[in-house]
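Here the structure comes first, spelled out in structure tokens, and everything after it is commentary.
Please treat every number below as a calculation from the coordinates, not as lab data. Since we're looking at a predicted model, the values are computed, not measured. Glycine also receives a Cβ, built like all others from the backbone with ideal geometry; neighbour counts cover every protein chain displayed.
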Amino acid sequence: MSNVFIPIFFNLKTALAGDILQLFVNYQIKVAIIDDFSEYQSGSLHDFIIECNRGRQVFFVSSMDEAAEYLSH
């Protein structure tokens with residue numbers, strides 16, 4: 001699986017991820033971002049992922065199967 005996001009997306013200081021993902025929330029569209037997030041060492045990114053996964057619209061997952069599970073609810 002190739003990464004379609006540029007690294008700056010995962011740098012929360014840029015607010016790029018928050019701004020883009022807020023659009024999905026505003027329009028009530030569920031989205032799952034599939035990647036191996038273990039390569040990112042940012043504690044704030046880790047916290048952001050946990051908070052998103054607690055919600056109902058934006059999910060950070062590691063596989064297509066996991067994405068399907070989150071998006072089906």
Rounded to whole Å, sorted largest first: equivalent-ellipsoid semi-axes of the chain, Cα gyration tensor: 18, 15, 11
Whole-Hz couplings from phi, Karplus 6.51/-1.76/1.60, listed for the range 67-73; x for Gly and Pro: 4, 4, 5, 5, 6, 7, 9
Relative contact order of the chain, defined on C-alpha pairs under 8 angstrom at six or more residues apart (%): 31
DSSP-loop trypsin sites (Lys or Arg not before Pro) across the range 1-70, with at most 15 other Cβ within 10 angstrom: 56
Residues with amide H under 5 Å from that of residue 33, placed H, sequence gap 5 or more: 59, 60, 61
